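K.L.:
Before I ask anything, here is the structure I am working with.
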Amino acid sequence: MANKRIFRSQSAPQAKGPYSQAVTHRGLLYVSGQIPVNPATGIPVRASIEEETDITLNNLKLIVEDAGSTMDDVLKITCYLADIEDFQRFNEAYE
C-alpha cells in the first residue's frame, strides 16, 4: 500500500482518538467519522439537529477542501442519527 498517505486538515477539528482524520489512496480521500465539534475550540457542540448537521458537514467540507477537492467531488456520505425522530429535520438541513 505504498500509495496510502495519512492526511490531516489544519482547519477542521483533529481526531480525538488513535485514528487518522483522513487517508488518501489511489487518488481518493477517505474521511473518518465526523461529529459536531467546533473547529476553533475543539469542543463538541450540543444544539438542534439542524445546527449539529451544519457543523458536521462544515467540518467535512474543511477536510475535503484542505485536501484540494470540493464537496461536489464527494462520492458517498454515511450518516447516523441518535434519534430517528430527527430524521426529517436532518434531511432538510442536509439538503
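K.L.:
Among Ile49, Ser11, Thr78, whose Cα lies farthest out toward the positive end of the dipole of the chain, if unit charges sit on the beta carbon of Lys, Arg (+1) and Asp, Glu (-1)?
P.N.:
The listed residue farthest towards the positive side: Ser11.
K.L.:
Expected output is a single nm value to one decimal: the length gained when fully extending between Glu95 and Asn58, i.e. 0.36 nm times separation in residues minus the C-alpha distance. What is it?
P.N.:
12.0 nm
K.L.:
OK, next. Take the chain, mark every one of the trypsin sites (Lys or Arg not before Pro) that falls in a DSSP loop and has at most 14 other Cβ within 10 Å, then report the longest stretch left between them, sites excluded.
P.N.:
Between the exposed loop sites, the longest stretch runs 47-75.
K.L.:
A further question follows. Semi-axes of the equivalent ellipsoid for the chain, please: Cα gyration tensor eigenvalues, times 5, square-rooted, ordered largest first, whole Å.
P.N.:
Its equivalent ellipsoid spans semi-axes of 24, 15, 12 Å.
K.L.:
May I ask you to sort Ser48, Ser69 by Cβ crowding, counting other Cβ atoms within 10 Å and putting the fewest first?
P.N.:
Listed from fewest to most nearby Cβ atoms, that is Ser48, Ser69.
K.L.:
Right, here's the next one. I'd like the chymotrypsin sites (Phe, Trp or Tyr not before Pro) in the chain restricted to DSSP loop residues with at most 13 other Cβ atoms within 10 Å, sorted by number.
P.N.:
Tyr19, Tyr80
K.L.:
Nothing charged except the Cβ atoms of Lys and Arg (+1) and of Asp and Glu (-1): what's the magnitude of the dipole of the chain about its Cα centre? Round to the nearest 20 debye.
P.N.:
780
K.L.:
With the contact rule set at Cα under 8 Å and sequence spacing of 6 or more, what percent relative contact order holds for the range 5-94?
P.N.:
Relative contact order of the range 5-94: 26 percent.
K.L.:
Shifting gears a bit: Pick from Gly33, Gly42, Gly17 the residue whose mean-square fluctuation is largest in a GNM of the chain, springs joining Cα atoms under 10 Å.
P.N.:
Gly17
K.L.:
Separate question: Where in the range 70-85 does the amide nitrogen come within less than 20 Å of the point 7 Å from the Cα of Phe7, taken along Cα to Cβ?
P.N.:
From the range 70-85, the list is 70-79.
Bear in mind that the values in this text are calculations on the coordinates, not laboratory data. Treat the numbers as computed from the prediction; the structure is a model and nothing was measured. No Cβ is skipped: glycine too gets one built from the backbone with ideal geometry, and neighbour counts run over all protein chains shown.
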